[in-house]
Structure formats: C-alpha cells, structure tokens
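Scroll down for the structure; my scribbles are underneath it.
Readers should treat all values here as calculations from the given coordinates under stated rules, not as data from a laboratory. Note that this is a predicted model, so its numbers are computed, not measured. Heads up, the Cβs are rebuilt from the backbone with ideal geometry, glycines too, and the neighbour counts pull from every protein chain shown.
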Amino acid sequence: MLDLSNIPSQQQTTTIFYATGNWQTWNKPRNAKFIEIFCLGGGASGGQNVLSNPTGGGGGGSGGIVRGLIPAFLLPDTLYILVGKGGAGVTTAASGNVGGISYIGLQPSTSEQTLICKSSTSPPGGGSQASTAGAGAPISVVSLSAFGNLGFFTAIAGVAGGAGGVSGGGGSNVAALASNLLTGGAGAAGRGASVFNTGGSVTAASSILTTQVNGGQSSGSDGESGYGFLQPFCGTGGGGGASNLSGPGGRGGNGWYGCGGGGAGGSTNTLSSSGAGGDGLVIITVIC
C-alpha cells in the first residue's frame, strides 16, 4: 500500500462518479487520512457540414483534467460533485456542442468561492461546420478555486480535434498519447468533385493504445468510436466520417470519456450526424 509521510495505509477505496446531469455527493469515511481527486471534463462533439459547402466537419476538443491530493482532516464530511456531460452530436448544419466542465466543491454550486477544483476554466470547443477543429479545454486555474488551496493540485489542458477536409481533401488525423492522456476527435472528409475522401483517424503508436481508430474508409462510411482504459487512464476520440457524392456523409465516431467526437463527412444532399463527445468522470480515492 502507499506510504505517505510515513503514515501506513491499511485501506484504500475508490469511488467513480459518472455524468448524470445532477449534483452527487461523496461522504468522507472514518479514519480517512488523505483523498486523491481525479476530475475530468466532458469532450466536445464534432461539427456537421453545410450541404452547399464541400468541407467536412472538424473534430471536437477534449476535456481538461485536474488531479489533487488533500489531507482528509481539512475537508468537511460531504463533498458535492457535478460531472460534465459530453457534447451531443449535431444532425443539422452546425458546429459541434461544447463539453461540460466537471466540478468538486463544498456546496452544490459552481461558485469559485465554494469549489475545490473544476476540470477547466471553460469548456472544450465543438468542431466547426467549416472544417476548423474544436479547441481543447483550457487549463484550469486551480488557485481561483478558493478551497483548492487545501491540497496539492496539477491541472492539464485538453487537446484540439482534427481539422475537417476541404473540397477534395480527407479529414485530419489526431495522434493518441502524443502529448496528453486523451485526444480530440478526428476531422471528417470534404466532398470532392468526382471521388469520395476518407475521414481522419486516431493513430496509435504506443504499447498501450495499440489499435487505430479509423475514420470512414469507403464512400459515406462512418468513423469508428473511440476507446480507452481506466488503468492506466487514457483514451481516444472518434474517427471522422467519409464524404459521399450521392448520399449522406459518414457519421463521426463518438469519443471515449473526456475525448472529442469525430466530424461528419461532407455530402451533397443529406446530413448525417457528428460524433458525440465523451462524458467526464470524477474519481475519488480515499487513503486510510
């Protein structure tokens, strides 16, 4: 077991909170010495193309992360958690929806004066309908959360999605584990004059995330949804949809927890759907 400051740990319990849209409570157990916090925001969805515009939708950005360690005796008996939901995919010509911020506080409030931490200062951006990638969530400024001063925290910014392809171009890839534990969604393919184009993929070149998340590979085909692991914690966004000359473009793949959704492929006459961003997570581990 983990030994912090020569304090032996006889017991360690972990609670995972998922996105419900409502505030949830965590109760401090007896004999708790430290609590470890992992606070992840929701990812944004990919963008949807405009029929008159040949570009593919951009991929959504990923949520931010805050990790912290707090002496348990400095905390009240109950904490309140609001887990950010991922941005819903769009089925009309529009940019993707932003992801939700996750909050941990002393009251069921997003006020900085009652917060221990929040996953980012603002949400990750949805992919644009005009091929631009959605921005990752900006890094959380932990010092702005009043009760974040009770512990030791590390904040990590989200990462952007991939750009959608312009006329006649494929969607942009994003790379897993390039600079972050998570990824944004890949960009969708733009509609060409005579041929379809493939959607962007989430490339995987590591010993952990070894399977590539493919974008749409044939005319109008969908991007694959992302995947990941809780141990070690890491995951991917969704692949981008392929374009289509005579029907709907391919759907964007959905993102894994905190990751961005893939963009929707370019089309001539029918819109499909962009990929949804993955919901956030809050994980609290008690060290007794």
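For segment 205-288, what size does the Cα cloud have along each of its three principal axes, sorted from largest down, in whole Å?
Largest first, segment 205-288 extends 62, 25, 10 Å along its Cα principal axes.
Which values, in whole Å and largest first, are the semi-axes of the equivalent ellipsoid of the chain obtained as the square root of 5 times each eigenvalue of the Cα gyration tensor?
39, 17, 13
Any idea what the dipole of segment 7-159 comes to, in debye rounded to 20, about its Cα centre with Lys/Arg Cβ at +1 and Asp/Glu Cβ at -1?
That gives segment 7-159 a dipole magnitude of about 200 debye.
Quote the relative contact order of the chain in percent (integer), defining contacts as alpha-carbon pairs under 8 Å separated by 6+ residues.
24
On the principal axes of its Cα set, how long, how wide and how thick is segment 1-159? Give whole Å, largest value first.
Sorted largest first, the three principal extents are 65, 27, 27 Å.
Just grab the label-to-label distance for S143 and T110, each label 7 Å out from Cα along the Cβ direction, in nm (one decimal).
About 2.4 nm separates the two model spin labels.
Provide I16, I104 in ascending order of the number of other Cβ atoms located within 10 Å of each residue's Cβ, fewest first.
Fewest-to-most Cβ neighbours within 10 Å comes out as I16, I104.
If I model a spin label at L74 and A205 as a point 7 Å from the Cα along the Cα→Cβ vector, what separation in nanometres do I get?
Those two pseudo-labels are separated by 4.2 nm.
Rank the residues T78, T285 as a footprinting-exposure proxy: fewest other Cβ atoms within 10 Å of their Cβ go first.
Least to most surrounded, the residues fall as T78, T285.
Which whole-Hz ³J(HN,Hα) couplings does segment 196-212 yield from phi under the Karplus relation 6.51 cos²θ - 1.76 cosθ + 1.60, θ = phi - 60°, glycine and proline marked x?
For segment 196-212, the Karplus-derived couplings read 7, 10, 7, x, x, 10, 9, 7, 10, 10, 8, 8, 9, 8, 9, 9, 6 Hz, x marking Gly and Pro.
Please report V83, V174, V195, V286 as a ranked list, fewest other C-beta atoms within 10 angstrom at the top and most at the bottom.
Ordered from fewest to most neighbouring Cβ atoms within 10 Å, V83, V174, V195, V286 come out as V195, V286, V83, V174.
Could you give the size of the charge dipole of the chain about its Cα centre, using +1 on the Cβ of each K and R and -1 on the Cβ of each D and E, expressed in debye and rounded to the nearest 20?
Dipole of the chain, to the nearest 20 debye: 100 debye.
Compute the Kirkwood hydrodynamic radius of segment 116-223, taking the inverse of the mean of 1/r over all pairs of distinct Cα atoms, and give it in Å to one decimal.
15.4
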